[in-house]
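Each remark here refers to the structure printed beneath this line.
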């Protein structure tokens, strides 16, 4: 990574000195474990009970469970009902999503966090969609990786709100990727700060890689395919309505992309995949992501 | 267990679309290359229902049969495509496409041509209908003429098969439906009142050249040369696969190495041509020649 040592030191000092360092909600720890292991090794009832104890989180989960994003057919009124109708894996995805979204500060004065919520949730859904369509790895794990890929933004919003806002405004005004604006303005990116948080949270090595290298997938060694998948999903979101509140003014040819090359190694058929249709399919997430995030934000 | 707060998403919205509607969606994509994502399926359903009323057909399943196995299938497919694209012709129809042209594509074309002695930009509106698209392109480029395209010779070729459409385009008089997306600034800058309608000003009409052309006419297609961009929106959908493939191959030959092909919103070349590559532009997509146009910048 290219973090300027002096700036990284300042960042570390700020993080250490921060009283309200974003901590991973207790309920999410067993969920992350669950999402990375076979379901039969997990106590579903225990986690459902744990979720139900957090009234606010449980209410948010039900908002999302009743959104078309999660294949709702009939309205669910309780977490138990959600587990029965959607399956525990989906409910875990939903609880993780609400838990991570809650980590973003709600201070609109500094920077409206809704756009980052929308991007994270959108990226998680696109990762799951890609994993299913391209038959690349476990869709649940892809969803989790997409959801967590930008945790560095949470760190930046907590630790360096003014400086991060300046970097964001540069990126938005020039239509350049956020990490390029951060690098120019802060000397480091949300990949660097995200890595600090991911390590602090003891996330699995492949998730730490996703957080650290989703803008440079060629550097991944643990699970380059997962990192590449998130990289492409992130790129597609940023070029569409699931962006950070602005469209990057660039041209992306997936066939020239480093992440695409990684995925194509194990799946040569990717070059003949219908990327146009997949791009159009992603349109359907935009309105729903917006609706559900707005609904949860008001909860 | 916690009780849910009042529902936010519309209650009763099915998460799983009706299978027969999905079959029709997939058929339209396969045959015409236009895709309706799940959130636009109600639009397709509405169009199907219009045709079903006309045909006195009760169910989507029966209508799917009309489109696939009954003797009327070819005519009915054309009728449905007409319903899908009806009323789409207007100025500034696809704003993300125009924004991408202005902010990303034009700078890339300028970069690609910076070493050439002649500064010329040639854009083709293939299947221009009554002229809204080529005039829109001309207005967008005029906005750039004082800045990035200063001293550039801009030429817009506009072709269509239909003589009546071309006559309308040359007269350049439009009603409220066509002009509904125009901002007051554009109306004031580029239009003149013409009764209760608007006429495109002479400044815009200059350098927009209308000609009758059949895209299936191989000999004439060969002469369309040195193009920087081709716009062919919702035109190929009416061609069969072989004709479509031939037309697209002509576009490939007509375009300069850095050239761009723009199709209609949610229109795809998949299965038609392997030489063009899909590129993602802000909020839209286009096609470039492989290893031709600009690289990604991430």
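Every read-out reported here was derived from the displayed coordinates using simple, explicitly stated rules and does not represent laboratory data. All figures in this text were calculated on a predicted structure; none of them were measured in a lab. Don't worry about glycine lacking a Cβ; one is built from the backbone with ideal geometry, like all the others, and counts go over all protein chains shown.
Could you list B:223, B:252 in order of exposure, starting from the residue whose Cβ has the fewest other Cβ atoms within 10 Å?
Ascending number of Cβ neighbours within 10 Å: B:223, B:252.
Need one number for segment B:95-296: average projected area of the convex hull over its C-alpha atoms, nm².
Working: hull surface 45.9 nm².
Taking the Cα atoms of segment B:95-296, their convex hull projects to 11.5 nm² on average.
Could you list B:256, B:263, B:213, A:229 so that the one with the fewest beta carbons within 10 Å of its beta carbon is first and the one with the most is last? Please list the in-between numbers first.
Working: B:256 18, B:263 26, B:213 21, A:229 29.
Placing the least packed residue first, the sequence is B:256, B:213, B:263, A:229.
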Report the calculated FRET efficiency for residue A:222 and residue A:269 (r = Cβ-Cβ distance, R0 = 25 Å), to the nearest 0.05.
0.55
Per residue of A:230-242, other chain Cβ atoms within 10 Å number on average 2
If you line up the long axis of helix B:73-85 against the longest principal axis of chain B, both from Cα atoms, how many degrees apart are they, to the nearest 10?
60
What whole-number distance in Å separates the alpha-carbon centres of segment A:42-70 and segment B:212-272?
51
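Please compute the contact order of chain A in relative form: average sequence separation of alpha-carbon pairs under 8 Å and at least six residues apart, divided by the residue count, as a percent. Spell out each step's value before the answer.
Numbers: 388 pairs, mean separation 59.6, N = 299.
Taking the mean separation of contacting Cα pairs over the length of chain A, I get 20 percent.
Express in nm, to one decimal, how much length is gained between residue B:69 and residue B:171 on full extension, taking 0.36 nm for each residue of separation and deducting their alpha carbon distance. Before the final figure, lay out the partial values.
Working: separation 102, 0.36 × 102 = 36.72 nm, distance 4.32 nm.
Here the answer is 32.4 nm.
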Measure out, as a whole number of angstrom, how far apart the alpha-carbon centroids of segment A:177-216 and segment B:26-45 sit.
39
Pairwise Cα inverse-distance average, inverted: Kirkwood Rh of segment B:196-238 (Å):
13.5
Under a 10 Å cutoff between Cα atoms, tell me which one of B:17, B:107, B:257 has the largest fluctuation in the Gaussian network model of chain B.
B:17
Cut-off 16 Å, label point 7 angstrom out along Cα-to-Cβ of residue B:201: give me the residues of segment B:113-148 whose amide nitrogen falls inside.
B:135-147
Roughly how crowded by other chains is peptide A:277-286, in terms of the mean Cβ count from those chains within 10 Å of each of its Cβ atoms?
6
Take every residue in peptide A:287-296, count the Cβ atoms of other chains within 10 Å of its Cβ, and give the average of those counts.
2
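What is the order of B:224, A:64, A:96, A:286, fewest Cβ neighbours within 10 Å to most? List each step's numbers first, then the result.
On the way: B:224 21, A:64 27, A:96 24, A:286 17.
Least crowded to most crowded, the residues run A:286, B:224, A:96, A:64.
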Helix-only mean residue ellipticity at 222 nm, chain B, DSSP H runs n ≥ 4 weighted -39,500 (n - 2.57), per residue, nearest 500. What is it?
-11500 deg cm²/dmol
Determine the distance separating the Cα centre of segment A:128-175 from the Cα centre of segment A:270-284; give it in Å without decimals.
21
How big is Rg to Rh over segment B:19-84, alpha-carbon atoms, Rh as the Kirkwood inverse-mean-distance radius?
0.91
Which whole-number percent gives the relative contact order of chain B, counting Cα pairs below 8 Å spaced six or more residues apart?
18
P(r) for chain A: what percent of alpha-carbon pairs falls in each 10 Å bin, starting at zero?
6, 29, 37, 23, 5, 0
When N counts the residues of the protein assembly as shown, how does its alpha-carbon radius of gyration compare numerically with 2.2 N^0.38 Å, as a ratio?
1.04
Tilt relative to chain B, helix B:19-32 - C-alpha long axis, 0 to 90 degrees, to 10:
30
Report, for the protein assembly as shown, the % of DSSP beta bridges that are antiparallel, rounded to 5.
45
Using Cα springs under 10 Å in a Gaussian network model of chain A, which residue among A:93, A:274, A:287 shows the largest mean-square fluctuation?
A:274
So how tilted is helix B:41-55 from the main axis of chain B? Cα-based, degrees 0 to 90, rounded to 10.
70
